[in-house]
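Chemist: I'd like to ask some things about the structure below.
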Amino acid sequence: MLAAGRLRPLLLAALLVAGCGTPTTRPTPSTPSIPAATAPPPASSLASQASASGVPSAATATCTPATAPRTYDWNDRVWYEVFVRSFADGNGDGIGDFRGLTAKLDYLNDGKPATTNDLGVTGIWLMPIFDSPSYHGYDVIDYTKVEADYGTSADFAAFLAAAHRRGIKVILDLTLNHTSDQNPWFVASAIGKGPYADWYIWSKTNPGYFGPDNQIAWHQLGNQDRWYYGIFSEHMPDLNLANPAVAAQMDAVAKHWLADVGVDGFRLDAAKYLVEDGQKQANTRATLDWLARFQQQAKADEPGAMTIGEVWDVPQIAGGYVPRSTDLTFNFALQSGTLSAIRNQRVAPLLTALGDTQTAWPPLQSGIFLANHDQDRVMSQVNADSASARLAAMLLFAEPGVPFLYYGEEIGMQGQKPDPMIRRPMQWTGDGPYGGFSTTVPWESLGSDWSTVNVAAETGDPNSLLSLYRDLIRLHEAQPALRAGATAVVDGGAEPVTGILRTSGGRSVLLVANVSDRTVSDYGLSLATGPLCGAQTATALLGTGFGASPTAPTAPVVTPAGGLAAWKPFATLPPRSAALIALERAP
C-alpha cells in the first residue's frame, strides 16, 4: 500500500494538499425524457468518450477545465448490500435479523466522522425483507409485512432510526415483476373470478413460447385448462402490471414504505421484465413507461427517494432507463470488464466497458460494483489471489458511478454458486464454532476460511483488505473528484496499464493500474487533451502492490491542451498494482 493503515500520515497529508471536503446534499433529480440508445463508440475513440464528461475534444488547442457532471445525493454515498439472513443473528436462532443488523451498525458507520475503525458506508441496500416462503425472499406473500424470521415491524423501525442517526440511507429490494404463488392475490386470481381475476397473466391454452432466456415461462394450474405466466419459476407468477388496479396497488406499497415507514428508496428487482408486449418479454416500451410513472409517483410520495433498477443487459439498453424510468441502473458491463481485465491481464475489456459507460448513461448515473448476491464472490473469481482482489477494489473506486459493495467483499469472503454458497453468514471473528455470527448452528454453514478471514482478524491490520476498503471509502468521501468528477480514460502505453482521470473543481485524482502479474517499466500515461491546466503537482493518496514506502510520484508531463505526454509517475509498476494520485495546479 502507498499509505499503510487507517488515514495514516501520508494519506492524511495528501488529502489536505488535494483540498478534501465533506459530501454535500445534492438536489433531487428531475425526470427529463429518456435518452435514445446509442451505438457503442469505435474502439479507437476513447478521447471522444472523455469529452462527453467535460474533457475537451482533440481539436481543442488549449486546456479547457472539465465541466462537472450534474450529481445527486446518491453520488456522494457508498452503498452496502446486506442479506439480513446472513449478516448477524441477534436472538440466537441461527438466522440473521434486524436486531443483529442494528447491533452491527457501528461496524458499517458509527456516525462519528473523527473515527476511522468503521467501514464508512453511507447507504444500505437490504435484500428482500418482506413476508416470504423462501430463504431469499424474492417471492413475496405480503408486501407490507416484514419476514418473521427477521423480527417485527418495531425491530425494523428501530434499525431504520439507528441507521438514519448515523447518516445512513436505506433502500429496500422491491420485487415488482412477480409474487409468491402463496400470495393472497394469486390465490384469489386462480379462482378466475372476482376483482383479482386479471391481476396475473392467464391463458386458457398453453401459448407454448419460452421465456427470454429460453426457460419455461407458462405453467399449468393443477390439472385445469388454465396456464399462467411466470418467467422465473412456477412458484413466482408474474403480476399483470398493465392492469391499472395492480399498478395502483404497487404504488400503495411504495408509498407505505417511503412515506409511512420512512425508507429512502428501492432497488427494483428484474426491472427489465415488468410489462410484456406479446412475445417481446424484456425491455419493452411499456416497461420503460410503467417505471417512469412509478418513479414519478414515488418521488411525489418522498421527493428524495432513489430508485436503482436491475437491468442486466448491454450498456446501451441498461443506460436507456436512466433518468426517466429509474435514477440509476446497475452497470453489469463495467463489473464484468473490470474483473475480466484482471483475470486476463489486459486492460482492453475495462477500456471497452468504460467507453460504453461514458456513452450509454448520463454521466455518473450507473451503479458500479464488483459482485452481488447473484454472482460468485470476487475472491473466488480471482482464484483467491489477494493482490487481484485489492486491485479490483482500487479500480472500483476510481470508476465513474455510484459504488455498491456486497457484504463480506471487504474482508475477502469466498463463495461460488449455487446461490446459498454466495450468501453465507458474515464472518465476524475467528472464535468457534460460528464465527461471531450466531451462538447456535447458522441457517447456512460459514465459509471454510472463516477462522482466518474475518472482521476481527483484519480490523487492526493496516495491510488487510478491510483496511484498504476503509481507506478507499474515506477517500471517496473526501475527494470530490472521485464522487462527482468528470472522467477521462488515459492511455497506459502498455497492454496491462491504464489510467482513469477524475476531475472536479480544478482538482484531479488519477488512478494508474497494472493488471498483469509482471513488473512493467515500459509504459507512459498519455491523454491527447484534458483538464490539467498548467503545471501540476502530484501527491500519492493511496495504493496497493507498492509496498510500505514507495517512491513519490514524479511531476506529470502536461501538454498545452491539458493532457498527458507519456508520463511515468513511478519508474516501475509492480505486479497487480494500482495507485491513486492527487493532481493540483502548481503554485
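Chemist: Quick check on residue 353: is it more than 20 Å from residue 83 (Cα to Cα), part of a helix (DSSP H, G or I), touching a residue at least 60 places away in the same chain (Cβ under 8 Å) and in contact with a Pro (Cβ under 9 Å, 6 or more places away or on another chain)?
Modeler: On the way: more than 20 Å from residue 83 (Cα to Cα): yes; part of a helix (DSSP H, G or I): yes; touching a residue at least 60 places away in the same chain (Cβ under 8 Å): no; in contact with a Pro (Cβ under 9 Å, 6 or more places away or on another chain): yes.
Taking the combined requirement at face value, the residue does not satisfy it.
Chemist: While we're on this one: Based on this model, can you work out whether residue 232 counts as within 28 Å of the chain's Cα centre (by Cα) and at pLDDT 95 or above? So that I can check it myself, show each step before the final result.
Modeler: Values: within 28 Å of the chain's Cα centre (by Cα): yes; at pLDDT 95 or above: yes.
Considered against the rule, which asks whether it is within 28 Å of the chain's Cα centre (by Cα) and at pLDDT 95 or above, residue 232 comes out as yes.
Chemist: Which one of these is free of Cβ contacts under 8 Å to residues at least 40 places away in the same chain and under 26 Å from residue 145 (Cβ atoms): 221, 268?
Modeler: 221
Chemist: Which of the following residues is small (Gly, Ala, Ser), in a loop (DSSP other than H, G, I, E, B), closer than 21 Å to residue 136 by Cβ and in contact (Cβ under 8 Å) with a residue 12 or more places away in the chain: 211, 167? Don't jump to the end; show me each part of the working.
Modeler: Numbers: 167 fails: closer than 21 Å to residue 136 by Cβ.
Going through 211, 167 in turn, just one is small (Gly, Ala, Ser), in a loop (DSSP other than H, G, I, E, B), closer than 21 Å to residue 136 by Cβ and in contact (Cβ under 8 Å) with a residue 12 or more places away in the chain: 211.
The rows are residues; the columns are (1) in a loop (DSSP other than H, G, I, E, B); (2) modelled with pLDDT of 95 or more.
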position	(1), (2)
50	no, no
58	yes, no
62	yes, no
67	yes, no
71	yes, yes
81	no, yes
86	no, yes
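Chemist: Report every pair of residues separated by at least 6 positions or lying on different chains whose Cβ atoms are under 8 Å apart, first residue within region 275-298 and assigned to a helix (DSSP H, G or I), second at pLDDT below 95.
Modeler: 288/34; 292/31; 292/34; 295/31; 296/31
Chemist: Condition check: within 26 Å of residue 281 (Cβ to Cβ), in contact with a Lys or Arg (Cβ under 8 Å, 6 or more places away or on another chain), buried (at least 21 other Cβ atoms within 10 Å of the Cβ) and among the acidic types (Asp, Glu). Does residue 264 satisfy that?
Modeler: Working: within 26 Å of residue 281 (Cβ to Cβ): no; in contact with a Lys or Arg (Cβ under 8 Å, 6 or more places away or on another chain): yes; buried (at least 21 other Cβ atoms within 10 Å of the Cβ): yes; among the acidic types (Asp, Glu): yes.
No, not satisfied.
Chemist: Just to verify a result, which residue in region 560-583, among those that are modelled with pLDDT of 95 or more and surrounded by fewer than 17 Cβ atoms within 10 Å (Cβ to Cβ), is farthest from residue 496 (Cα to Cα)?
Modeler: So the residue we want is 565.
Chemist: Which of the residues that make up region 214-237 are surrounded by 20 or more Cβ atoms within 10 Å (Cβ to Cβ) and either among the charged types (D, E, K, R) or closer than 25 Å to residue 307 by Cβ (or both)?
Modeler: Result: 229, 230, 231, 232, 236, 237.
Chemist: Please enumerate the residues belonging to region 299-343 that are of a type in the set (Phe, Trp, Tyr) and closer than 23 Å to residue 263 by Cα. Working first, answer last.
Modeler: We begin by selecting, within region 299-343, every residue of a type in the set (Phe, Trp, Tyr); these are 312, 321, 330, 332.
Matches in region 299-343: 321, 330.
Yes or no, residue by residue, for (1) β-branched (Val, Ile, Thr); (2) in contact (Cβ under 8 Å) with a residue 40 or more places away in the chain; (3) out of contact with any Lys or Arg (no Cβ under 7 Å at 6 or more places or on another chain):
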{"residue": "325", "(1), (2), (3)": "no, yes, yes"}
{"residue": "340", "(1), (2), (3)": "no, no, yes"}
{"residue": "347", "(1), (2), (3)": "yes, yes, yes"}
{"residue": "370", "(1), (2), (3)": "no, no, yes"}
{"residue": "378", "(1), (2), (3)": "yes, no, yes"}
{"residue": "387", "(1), (2), (3)": "no, yes, no"}
{"residue": "391", "(1), (2), (3)": "no, yes, no"}
{"residue": "394", "(1), (2), (3)": "no, yes, yes"}
{"residue": "398", "(1), (2), (3)": "no, yes, no"}
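Chemist: Let me ask something additional. Among the listed residues 420, 462, identify the single one that is under 26 Å from the mean Cα position of the chain (by Cα), over 23 Å from residue 375 (Cα atoms) and touching a residue at least 60 places away in the same chain (Cβ under 8 Å). Reasoning before the result, please.
Modeler: On the way: 420 fails: over 23 Å from residue 375 (Cα atoms).
Criteria check complete, one pass: 462.
Chemist: Of the residues that sit in region 356-392 and are touching a Ser or Thr at 6+ places or on another chain (Cβ under 8 Å) and of a type in the set (Val, Ile, Thr), which one is farthest from residue 335 (Cα to Cα)?
Modeler: 359
Chemist: Shifting gears a bit: Taking only region 461-493 into account, find how many residues are in a helix (DSSP H, G or I) and of a type in the set (Asp, Glu).
Modeler: Residues of region 461-493 that are in a helix (DSSP H, G or I), as a first pass: 465-478, 480-484.
Checking the rest, the ones that are also of a type in the set (Asp, Glu) come to 471, 477.
Counting residues in region 461-493 that are in a helix (DSSP H, G or I) and of a type in the set (Asp, Glu) gives 2.
Chemist: In region 289-328, how many residues are more than 18 Å from residue 254 (Cβ to Cβ) and either within 14 Å of the chain's Cα centre (by Cα) or hydrophobic (A, V, I, L, M, F, W, C) (or both)?
Modeler: Going through region 289-328 one residue at a time, the tally reaches 6.
Chemist: Still on this model: So which of 173, 155 is of a type in the set (Asp, Glu), within 21 Å of residue 241 (Cβ to Cβ) and not in a loop (DSSP other than H, G, I, E, B)? Walk me through how you get there before you give the answer.
Modeler: Details: 155 fails: within 21 Å of residue 241 (Cβ to Cβ).
Exactly one of 173, 155 is of a type in the set (Asp, Glu), within 21 Å of residue 241 (Cβ to Cβ) and not in a loop (DSSP other than H, G, I, E, B), namely 173.
Chemist: Quick check: is even one residue across region 306-313 of a type in the set (Gly, Ala, Ser) and closer than 19 Å to residue 143 by Cβ?
Modeler: Start the filter on region 306-313 by keeping residues that are of a type in the set (Gly, Ala, Ser), which leaves 309.
Filter once more, keeping what is closer than 19 Å to residue 143 by Cβ: 309.
Within region 306-313, one or more residues are of a type in the set (Gly, Ala, Ser) and closer than 19 Å to residue 143 by Cβ.
Chemist: Let me ask something additional. Hey, could you check region 340-350 for residues that are part of a helix (DSSP H, G or I) and in contact with a Ser or Thr (Cβ under 9 Å, 6 or more places away or on another chain) and say which is farthest from residue 501 (Cα to Cα)? Step through it out loud before you land on a result.
Modeler: Taking region 340-350 and keeping what is part of a helix (DSSP H, G or I), we get 340-344, 348-350.
Add one more test, that the residue is in contact with a Ser or Thr (Cβ under 9 Å, 6 or more places away or on another chain), and what stays is 341-343, 348-350.
Values: 341: 18, 342: 19, 343: 23, 348: 17, 349: 18, 350: 14 Å.
Across region 340-350, the extreme among qualifying residues is 343.
Chemist: Continuing with this model, one more query. Quick check on region 559-568: of everything there that is assigned to a strand (DSSP E or B) and touching a residue at least 60 places away in the same chain (Cβ under 8 Å), which residue is farthest from residue 62 (Cα to Cα)?
Modeler: 566
Chemist: Kindly check whether there is at least one residue in region 383-401 that is over 25 Å from residue 517 (Cα atoms) and outside any loop (DSSP other than H, G, I, E, B). Break it down into steps so the answer makes sense when it comes.
Modeler: Step one: filter region 383-401 for residues over 25 Å from residue 517 (Cα atoms), giving 400-401.
Those left that are additionally outside any loop (DSSP other than H, G, I, E, B): none.
No, the conditions are met nowhere in region 383-401.
Chemist: Just for region 238-261: of the residues that are in a loop (DSSP other than H, G, I, E, B) and of a type outside the set (Gly, Ala, Ser), which one is surrounded by the most Cβ atoms within 10 Å (Cβ to Cβ)?
Modeler: If we filter region 238-261 for residues that are in a loop (DSSP other than H, G, I, E, B), which is where we start, we get 240-243.
Then drop every residue that is not of a type outside the set (Gly, Ala, Ser), which leaves 240-241, 243.
Values: 240: 20, 241: 23, 243: 16.
Ranking the qualifying residues of region 238-261, first place goes to 241.
Chemist: I'd like the full set of residues that are surrounded by fewer than 23 Cβ atoms within 10 Å (Cβ to Cβ), of a type in the set (A, V, I, L, M) and assigned to a helix (DSSP H, G or I), limited to region 299-332.
Modeler: Of everything in region 299-332, those that are surrounded by fewer than 23 Cβ atoms within 10 Å (Cβ to Cβ), of a type in the set (A, V, I, L, M) and assigned to a helix (DSSP H, G or I) turn out to be 300, 317.
Chemist: In region 494-547, which strands (runs of 3 or more DSSP E) lie fully inside it and hold 2 or more residues that are touching a helix residue (DSSP H, G or I) at 6+ places or on another chain (Cβ under 8 Å) and crowded, with 18+ Cβ neighbours inside 10 Å?
Modeler: 497-504, 507-514, 536-544
The values are calculated or read from the model by the stated rules, or taken from the named source; none is laboratory data. A quick note: this is a predicted structure, and the numbers were derived from the prediction, not measured. With ideal geometry, Cβ positions are generated from the backbone for all residues, glycine too; neighbour counts draw on all protein chains shown.
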